[in-house]
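Trainee: One structure follows; several queries about it will come next.
Bear in mind that the values in this text are calculations on the coordinates, not laboratory data. Just so you know, these numbers come straight off a predicted model, no measurement behind them. Cβ placement follows ideal geometry from the backbone for every residue including glycine, while neighbour counts extend to all protein chains displayed.
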Amino acid sequence: MFLVTLQLNEIIFAAMSELVLAPLKGEIALLWRNLSVFRPLFQCKPIHDGSSCDLITDNITGFINFGEMTAILGPSGAGKTSILRCLYGTSRLKYFGEIFVNSANKGAVFITQAEDDHLLQSLTVEECVYFACRLKSSTNSNTDRVNDLLFQLGLDACRNNLVKHCSGGQKKRLTIAQELAGEHMPGIVLMDEPTSGLDSKASFVLMTYLQKLCKKYEIALVTSIHQPSYTLLRLFNNIFVMSLSGKFVFYGNPDNIPYCLNQASIKIPEGCNPVDILLEAASLTDLSEAEPFEDYLDAIGDVENGTSITLNNATILEDFTDQMIKDEIQNRDSKNLIQVSHLFQSEAKVCWSHIKLLLRRMLINDTIRDPSSFLIKILVHVLTGLSVVYFYTNAAASEDGCLPDVNHIPTLKCQYEKATYWKKFNLVTSCNFIFYNFFLLTLTSLISAILAVTAEMKIFINEHRNGWYSTASHYISRNIIEILFQIPLPYIYFLLTSFSAKQFTLNSFWEAIPFTDRSHFKDLAVIGILSSIVTQGIGFAISAIFSRSIAFFVGFTFFMVSFVLSNFLIRFQSGSVSYYVSLFSFARWMIEASVTALYGDRCNVLNPDQITNMKSGIISIVNKTNVPQDSNRNQ
């Protein structure tokens, strides 16, 4: 019985394996029906633009197949990138329509036009693919997959080069290698103009590699592309051509373009690229735009044929293409298609393995390979500490905060008014010293946090969107890295100011060693570290909401308002609205804690015996100082 059950399980497993590994080439991977994309509601329009249409695409239908490369062409502003973003689910535009995906699809990725938004510049080519493979896989052994991808995309020769030293074509291929890494190869790949910024040779090499990968791994690749050469275009299995009116004017193999143009009674001049004729037809939005194209044909020597394209020809192309797409979809098997809202479905969850990998990658990229950022932070703290110490005297910084209590000695008040005044003055100066110490320390922490987060924000968005890791994993890793750097910097800052200005009664290096006996210096250092971590968190939150330029403005404004509400520069009356608002200012609690830590429990209350002894001592001192003055008067 056991053997029969075992054989039955093997048969079922084999059948499932055949089902999973069954060839998918030619099957529909992605289908969209009646997709309409609208322009933003508050988009600025030219004054001379009298059109009131807000449509980017108008009820378009299309599909892509497994194992094939598909291109979306069209003039600038036709909506090529908008279609890709709407299909993936990352567009902020309003759109309607139906999206269907094959149930056998193993995932989808979206690659943006800017390759630097996917790559960490201080890693090597091999490290980029390795970390991508580890983050997207549950197994530890990924050497074979990394080597295979580097070989398949022609990156084996530059595997030890830093990313910042690679060419544009190599960066494009490296971006693709990162997204294809992992246990499961994605079934659908969407790319936004992968050939932008590349010459014709580099573009052809890139698309040739992609063609091989699509055939080998049965990937459905769809990419937007802007006016490629006819040689490059023939690498694609199918192309869609978008018009400025939001419709497709062509679908099919590039070799079928002449036939499609002939159906619309459009002649192709001798020696003219059929793609150029088709793109010119796609650029027409009204009848007045036909005349410039006739001038273009005359310029290339087509005077005899008198070829011209009118809006009527473009409309015929739209109707012909729309009907052809619908007929082909109707004849295809669509039983495996399931309706989805978009392709983006990040299933990554927070896990310790992702945090460890991200920590390791951040240390290599941010510190080991590029230590300039950390060194600059140290230099800023040292120079800031020295500048603050230079402008504050030792007398002001060494006050203990205890004013002479002479209220119970009325006869001596006049003698000590001047001494009390200077002691109060030095005490206020000392408090200002503390205020500006924490002001500069927390401002440095805020700026460094905004710089760190905004510098890698686009990379994080792309990696998270493609399912590498969760937001929590990245946030925890970035916090650990920044906190590790924030702990020594305030300590160095206060150590420098304490030895220079005698601010914290720090008389030896032994008192500065952490985890020894408690001292005022250590209390201030702990408050400084905690304050830096708080402002770092504020910087993270602001950077996650706003772009880099706006984040600096918002962060600095929030910072200044917090210090205005600190109850130090402006004293708020207890019970007022301003007083209660100031309770939400981190700067208020930071400054109050620092003043309490520095001056708290220093002034002892005098008992009656001590008052009597102090009174007699002061009287004797005053009598001695007044004797010479009396003798001079007698003379």
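Trainee: Give me the net charge of Arg361's neighbourhood, meaning all other residues with Cβ under 14 Å from the Cβ of Arg361; Lys, Arg count +1, Asp, Glu -1. List each step's numbers first, then the result.
Mentor: Numbers: positive: Arg134, Lys136, Lys356, Arg360, Arg369, Arg478; negative: Glu126, Glu127, Asp366, Asp370, Glu456, Glu463.
In short, 0.
Trainee: A further question on this structure: Give, as a single signed number, the net charge of other residues whose beta carbon lies under 13 Å from the beta carbon of Ile480, with Lys and Arg counted +1 and Asp and Glu -1. Provide the component values of the computation, followed by the final result.
Mentor: On the way: positive: Lys356, Arg360, Arg361, Arg478; negative: Asp366, Glu482.
With Lys, Arg at +1 and Asp, Glu at -1, the net is +2.
Trainee: Please give the length that would be gained between Asn479 and Tyr217 if that part of the chain were fully extended, namely 0.36 nm times their separation in residues minus their C-alpha to C-alpha distance (nm, one decimal). Let's see the in-between values first.
Mentor: Working: separation 262, 0.36 × 262 = 94.32 nm, distance 3.82 nm.
That pair, Asn479 and Tyr217, stretches by 90.5 nm at full extension.
Trainee: Say each of Val380 and Trp352 gets a label point 7 Å from the Cα, pointing the same way as Cα to Cβ; how far apart are those two points in nm?
Mentor: Roughly 3.4 nm, to one decimal.
Trainee: A follow-up question, please. Find out how many positive minus negative residues lie around Tyr95, taking Lys and Arg as positive, Asp and Glu as negative, among other residues whose Cβ is under 15 Å from that of Tyr95. Don't jump to the answer; show the numbers that get you there.
Mentor: On the way: positive: Arg33, Arg39, Lys80, Arg85, Arg92, Lys94; negative: Asp54, Asp58, Glu98.
Once positives and negatives cancel, what remains is +3.
Trainee: Which FRET efficiency value, to the nearest 0.05, do you get for Ser372 and Arg571 by plugging their Cβ-Cβ distance into 1/(1 + (r/R0)^6) with R0 = 41 Å?
Mentor: Numbers: r = 43 Å, r/R0 = 1.05.
Computed FRET efficiency for Ser372 and Arg571 comes out at 0.45.
Trainee: For the stretch 98-175, how big is Rg over Rh, using alpha carbon atoms and the Kirkwood form of Rh?
Mentor: Details: Rg = 14.1 Å, Rh = 13.8 Å.
With Rg and the Kirkwood Rh in hand, the quotient comes to 1.02.
Trainee: Got a sec to turn the phi values of the stretch 327-336 into Karplus ³J(HN,Hα) couplings, 6.51 cos²θ - 1.76 cosθ + 1.60 with θ = phi - 60°, whole Hz, x for Gly and Pro?
Mentor: Rounded to whole hertz, the list is 5, 5, 5, 5, 8, 9, 7, 10, 6, 8.
Trainee: Related question: Hey, can you grab everything whose amide H is under 5 Å from the amide H of Asn65? Only 5+ residues off in sequence or another chain; H modelled, so Pro and N-termini drop out.
Mentor: Ala29
Trainee: Also: Can you give me the long-range amide H partners of Met191? Hydrogens built in the peptide plane at 1.01 Å from N, cutoff under 5 Å, separation of 5 or more residues or another chain.
Mentor: Ile111, Val222, Thr223, Ser224
Trainee: Holding the Cα-Cα limit at 20 Å, pick out from Lys80/Lys164; Lys106/Lys215; Lys106/Lys356 the pairs that are longer than that.
Mentor: Correct reply: Lys80/Lys164; Lys106/Lys356.
Trainee: In sequence order, what are the phi-derived ³J(HN,Hα) couplings for the stretch 362-372 according to the Karplus relation 6.51 cos²θ - 1.76 cosθ + 1.60 with θ = phi - 60°, rounded to whole Hz, with x for glycine and proline?
Mentor: Working through the residues one at a time gives 5, 4, 5, 6, 8, 10, 5, 7, 9, x, 4 Hz.
Trainee: Pop out the ³J(HN,Hα) list for the stretch 463-468 in order, Karplus 6.51 cos²θ - 1.76 cosθ + 1.60 with θ = phi - 60°, rounded to Hz; leave Gly and Pro as x.
Mentor: Karplus-based 3J(HN,Hα) across the stretch 463-468 equals 5, 5, 5, 8, x, 6 Hz.
Trainee: Listed here are the pairs Lys172/Lys201; Lys136/Lys212; Lys267/Lys326; Lys212/Lys335; which of them are more than 21 Å apart at the Cα? Numbers along the way, then the final one.
Mentor: Details: Lys172/Lys201 14 Å; Lys136/Lys212 23 Å; Lys267/Lys326 26 Å; Lys212/Lys335 28 Å.
Beyond 21 Å: Lys136/Lys212; Lys267/Lys326; Lys212/Lys335.
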